Amino acid sequence: MAMGCYQAIAELGLKIPQDVAVVGYDNQQIASESFPALTSVELPYSDMGKLAIESLMALIEGQPLLSNKRKVEGELIVRTSSTKTKKVGM
């Protein structure tokens with residue numbers, strides 16, 4: 001999705017990050033290899049899997065779920081697609 005944004009932004013004659021900041025969500029390998037490198041949120045897949053297994057095991061054992069909403073915290077990986085830039089007159 002973010003790479004499509006990169007293309008659309010370029011087609012509009014705009015520049016990343018000077019005109020538009022772009023942030024992705026999943027921190028795939030292409031994020032660090034793109035130009036400019038894509039700022040992205042790293043998803044905690046291991047933690048998400050652990051919570052899913054705990055919920056499934058509780059259901060299998062006939063226990064009620066503690067909550068149908070569980071939260072995990074991602075990590076923001078800041079790269080050059082979202083850096084602050086100075087604009088004259090701003």
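The values are calculated or read from the model by the stated rules, or taken from the named source; none is laboratory data. Here the structure is a predicted model, which means the values were calculated and not measured. Counting neighbours? That spans all protein chains shown, and the Cβs are built from the backbone with ideal geometry, glycine included.
Please specify each residue of the stretch 3-23 satisfying the condition of being loosely packed, with under 12 Cβ neighbours inside 10 Å and among the small types (Gly, Ala, Ser).
If the condition is that a residue be loosely packed, with under 12 Cβ neighbours inside 10 Å and among the small types (Gly, Ala, Ser), then Gly4, Ala8, Ala10, Gly13 are the ones that fit.
Within the set of pairs 6 or more residues apart or between chains, which connect a residue that is closer than 22 Å to Asp26 by Cβ inside the stretch 48-64 to a residue that is surrounded by 11 or more Cβ atoms within 10 Å (Cβ to Cβ) and at pLDDT 90 or above with Cβ atoms less than 7 Å apart?
If the second residue must be surrounded by 11 or more Cβ atoms within 10 Å (Cβ to Cβ) and at pLDDT 90 or above, the pairs left are Met48/Val72; Leu51/Val72.
Scan (1) within 20 Å of Lys84 (Cα to Cα); (2) surrounded by 12 or more Cβ atoms within 10 Å (Cβ to Cβ) for the single condition Asp26 breaks and write down its number.
(1)
So is Leu65 in a loop (DSSP other than H, G, I, E, B), of a type in the set (A, V, I, L, M, F, W, C), over 17 Å from the mean Cα position of the chain (by Cα) and more than 30 Å from Lys15 (Cβ to Cβ) or not?
In short, yes.
Please work out if Pro64 is farther than 26 Å from Lys84 by Cβ and in contact with a Gly (Cβ under 8 Å, 6 or more places away or on another chain).
Against the criterion (farther than 26 Å from Lys84 by Cβ and in contact with a Gly (Cβ under 8 Å, 6 or more places away or on another chain)), Pro64 does not qualify.
Just checking, how many residues over the stretch 37-47 are acidic (Asp, Glu) and either in a loop (DSSP other than H, G, I, E, B) or without any contact (Cβ under 8 Å) to a residue 12 or more places away in the chain (or both)?
0
Within the stretch 1-19, track down each residue that is among the aliphatic types (A, V, I, L, M), within 19 Å of Lys84 (Cα to Cα) and at pLDDT 95 or above.
Correct list: Ile9, Ala10, Leu14, Ile16.
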